[in-house]
Amino acid sequence: MQVKKEVSMQNSLDELYVSVLNKEKLNKDFGDDTGVLSAPFLINVPQSYATANKKVLYIGKETNIWWGKLKHFVDYDDSIDILKQRYTAEFEGGSVTQSKDPLGKPKEYTKEDWKNNAFFSKYKYFRENIVGASVLWTNLLKMDDGGKGYAKNSIHNQKVKEYSKNLLLQEIEILKPDIIIFVTATSTNLKKYDDAIKNAFDNNFQNSKVCEPKRLWIFEYKGIKCYRTVHPLSHQFRKLERDYYKEIAEDINNGFPLFKP
């Protein structure tokens, strides 16, 4: 049964990716930007997720360099399969075809090669501290801006936001999470990312409550308990005294007292 549920979810995701990420339409909509923007961020559902007692989506802003450029996604016939392999390699390691190698020579990835990565340290924290949970990573925006600086924010690209909304909302419908944790709040662009969350849900959410201005906002969407808190890098660099990640994990484990009137 577990395998069937996992396969069913993945098949639905694959159909979604083929439909929304139509390559002719991508070329038409993005033009020269296909050589700048990153390839889209696609999910490959792990076996543990489908039958977990608590299904959790851990949602970041966008990638900071991923597999290649959007034009590589368009050019490779099997790019959806490659990007699913790239997703799995982040967690399990393995070989993935390189985007820039004309011979398709694979690149080897090491399992969870994250060292002191702030973003993945908090992913691991939730995975290890939410009882009975399978935590699946995805992003609010499905492409980064491909820039040369450290930040690859694509929040200013309207087309990226439109594609991302379409994909994320349908990913949620397919994956049916019990809990969503957005780690998208930074000292800059906070309102823009919050607006993108609200827009993704068409402002159709309930029981919205700001627990701590700019730091912790909660709401419900179709019965899903949702948290939005600070991005792990912001938490690390600003040395915040309050541990919002611990508070969220405890709230989930204790039956969601934050959501009670």
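The values are calculated or read from the model by the stated rules, or taken from the named source; none is laboratory data. Here the structure is a predicted model, which is why all the values come from computation and not from measurement. With ideal geometry, Cβ positions are generated from the backbone for all residues, glycine too; neighbour counts draw on all protein chains shown. Keep in mind that these areas ignore ligands, DNA and RNA; they rest on the heavy atoms of the full protein, side chains included. Shrake-Rupley method; radii C 1.70, N 1.55, O 1.52, S 1.80 Å.
Could you figure out which of (1) open to solvent by 40 Å² or more (accessible area, probe 1.4 Å); (2) farther than 26 Å from Thr188 by Cα; (3) not hydrophobic (A, V, I, L, M, F, W, C); (4) not in a loop (DSSP other than H, G, I, E, B) isn't true of Lys122?
(2)
Applying the selection to the stretch 58-94, what residues are part of a loop (DSSP other than H, G, I, E, B), of a type in the set (Gly, Ala, Ser) and touching a helix residue (DSSP H, G or I) at 6+ places or on another chain (Cβ under 7 Å)?
none
Confirm whether Tyr17 is more than 19 Å from Lys152 (Cα to Cα), open to solvent by less than 20 Å² (accessible area, probe 1.4 Å) and not small (Gly, Ala, Ser).
Details: more than 19 Å from Lys152 (Cα to Cα): yes; open to solvent by less than 20 Å² (accessible area, probe 1.4 Å): yes; not small (Gly, Ala, Ser): yes.
In short, yes.
Within the stretch 178-201, is there a residue that is in a helix (DSSP H, G or I), without any contact (Cβ under 8 Å) to a residue 24 or more places away in the chain and either open to solvent by 80 Å² or more (accessible area, probe 1.4 Å) or of a type in the set (Phe, Trp, Tyr) (or both)?
yes
Would you call Ile82 of a type in the set (A, V, I, L, M, F, W, C), open to solvent by 70 Å² or more (accessible area, probe 1.4 Å) and within 20 Å of the chain's Cα centre (by Cα)? First the steps, then the outcome.
Numbers: of a type in the set (A, V, I, L, M, F, W, C): yes; open to solvent by 70 Å² or more (accessible area, probe 1.4 Å): no; within 20 Å of the chain's Cα centre (by Cα): yes.
Considered against the rule, which asks whether it is of a type in the set (A, V, I, L, M, F, W, C), open to solvent by 70 Å² or more (accessible area, probe 1.4 Å) and within 20 Å of the chain's Cα centre (by Cα), Ile82 comes out as no.
In the stretch 125-168, which residues are exposed (fewer than 15 other Cβ atoms within 10 Å of the Cβ) and either closer than 29 Å to Asn253 by Cα or hydroxyl-bearing (Ser, Thr, Tyr) (or both)?
Answer for the stretch 125-168, where residues must be exposed (fewer than 15 other Cβ atoms within 10 Å of the Cβ) and either closer than 29 Å to Asn253 by Cα or hydroxyl-bearing (Ser, Thr, Tyr) (or both): Glu128, Val131, Gly132, Tyr150.
If you check Glu128, Glu112, which single one turns out to be outside any helix (DSSP H, G or I), within 19 Å of the chain's Cα centre (by Cα) and without any contact (Cβ under 8 Å) to a residue 60 or more places away in the chain?
After applying the criteria, what remains is Glu112.
Return the pair list, or none, for Cβ contacts closer than 9 Å from residues in the stretch 16-30 that are more than 12 Å from Tyr163 (Cα to Cα) to residues that are open to solvent by less than 20 Å² (accessible area, probe 1.4 Å) and not hydrophobic (A, V, I, L, M, F, W, C), at least 6 apart or on different chains.
From the stretch 16-30, the pairs are Lys23/Ser79; Asn27/Thr34.
Need the failing condition index for Pro40 against (1) open to solvent by less than 50 Å² (accessible area, probe 1.4 Å); (2) without any contact (Cβ under 8 Å) to a residue 24 or more places away in the chain; (3) assigned to a loop (DSSP other than H, G, I, E, B), just the number.
Status for Pro40: all satisfied but (2).
When you check Lys142 against the structure, is it within 20 Å of Ser38 (Cα to Cα), charged (D, E, K, R) and free of Cβ contacts under 8 Å to residues at least 24 places away in the same chain, yes or no? Write out each step before concluding.
Numbers: within 20 Å of Ser38 (Cα to Cα): yes; charged (D, E, K, R): yes; free of Cβ contacts under 8 Å to residues at least 24 places away in the same chain: no.
No; evaluated as a whole, the condition is false for this residue.
Of the residues Phe201, Phe126, Phe182, which is farther than 30 Å from Lys111 by Cβ and not acidic (Asp, Glu)?
Exactly one of Phe201, Phe126, Phe182 is farther than 30 Å from Lys111 by Cβ and not acidic (Asp, Glu), namely Phe201.
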